[in-house]
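In what follows, a structure is listed as structure tokens, so that the remarks can point back to it.
The values are calculated or read from the model by the stated rules, or taken from the named source; none is laboratory data. The structure displayed is predicted, hence computed values, not measured ones. Because the Cβ atoms are built from the backbone with ideal geometry, glycine has one as well, and the counts that use them run over all protein chains shown. Surface accessibility is based on the protein's heavy atoms, side chains included, excluding ligands, DNA and RNA. Shrake-Rupley method; radii C 1.70, N 1.55, O 1.52, S 1.80 Å.
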Amino acid sequence: DEARRLLIELTSSNWDYVSMVENVNGNALPIGVGLEGFTIEALENSHRNALLPHHREHVNEYILENKSHFNIKQMKCKDYNSCPKLSLTIDTEKDLDFIKKIAKYFGDGFNKLKTKEIIDWWKVKAI
């Protein structure tokens, strides 16, 4: 749903980079679920010109630090997918335990979950 919207925006316009990571007008996807799209030209430009180590670790860093060289769009996610207080990253043991709770609750359907389903579950469970 959101990925399709982002891809359509990227391919049907003159954007070099389209992001659905940042909070836009109060809406943001859960942490760890953000989306980014780049043109091959933007990635090649970044590869050619990036000099700092963190530019190699995260391909978006050079682009975001050199916004004047790129056409950038920050997209707002749909209201029903907005939940900026929810984190779905796995950076710590606690994060992994949380994802395991989600997997246990949703069972066999876990690998086909939509973001909205996790958000709705999280809001009810208030974990």
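Among the numbered criteria (1) open to solvent by less than 70 Å² (accessible area, probe 1.4 Å); (2) touching an Asp or Glu at 6+ places or on another chain (Cβ under 8 Å); (3) modelled with pLDDT of 95 or more, which single criterion is violated by A50?
Of the numbered conditions (1) open to solvent by less than 70 Å² (accessible area, probe 1.4 Å); (2) touching an Asp or Glu at 6+ places or on another chain (Cβ under 8 Å); (3) modelled with pLDDT of 95 or more, the odd one out for A50 is (3).
Looking only at the stretch 88-103, how many residues end up being of a type outside the set (K, R) and open to solvent by 40 Å² or more (accessible area, probe 1.4 Å)?
Looking only at the stretch 88-103, we keep the residues that are of a type outside the set (K, R), and these are 88-93, 95-99, 102-103.
Narrowing the set further to residues that are open to solvent by 40 Å² or more (accessible area, probe 1.4 Å) leaves 90-93, 96-97.
Total satisfying the criteria: 6.
K85 passes all but one of (1) in a helix (DSSP H, G or I); (2) at pLDDT below 95; which number fails?
All conditions are met except number (1).
I want to confirm something. Restricting to the stretch 104-127 and keeping residues that are in a loop (DSSP other than H, G, I, E, B) and more than 18 Å from the chain's Cα centre (by Cα), which single residue is surrounded by the fewest Cβ atoms within 10 Å (Cβ to Cβ)?
Pass one, the stretch 104-127, residues in a loop (DSSP other than H, G, I, E, B): 113-114, 126-127.
Applying the additional criterion that residues be more than 18 Å from the chain's Cα centre (by Cα) yields 126-127.
Numbers: A126: 5, I127: 10.
For the stretch 104-127, the residue satisfying everything is A126.
Can we say N71 is of a type in the set (S, T, N, Q), open to solvent by less than 80 Å² (accessible area, probe 1.4 Å) and over 18 Å from G32 (Cβ atoms)?
Working: of a type in the set (S, T, N, Q): yes; open to solvent by less than 80 Å² (accessible area, probe 1.4 Å): yes; over 18 Å from G32 (Cβ atoms): yes.
Yes: the conditions hold for N71.
For the stretch 1-74, list the strands (runs of 3 or more DSSP E) that sit wholly inside it and hold at least 3 residues that are more than 30 Å from I99 (Cα to Cα) and touching a residue at least 24 places away in the same chain (Cβ under 8 Å); which are they?
Values: elements: 17-20, 35-38, 72-74.
So the answer is none; nothing clears 3.
Please go through the stretch 9-38 and give me each residue that is over 23 Å from E117 (Cβ atoms) and open to solvent by 30 Å² or more (accessible area, probe 1.4 Å), ordered by number.
Pass one, the stretch 9-38, residues over 23 Å from E117 (Cβ atoms): 9-19, 22, 25, 37-38.
Across the stretch 9-38, the qualifying residues are E9, T11, S12, S13, N14, W15, D16, E22, N25, F38.
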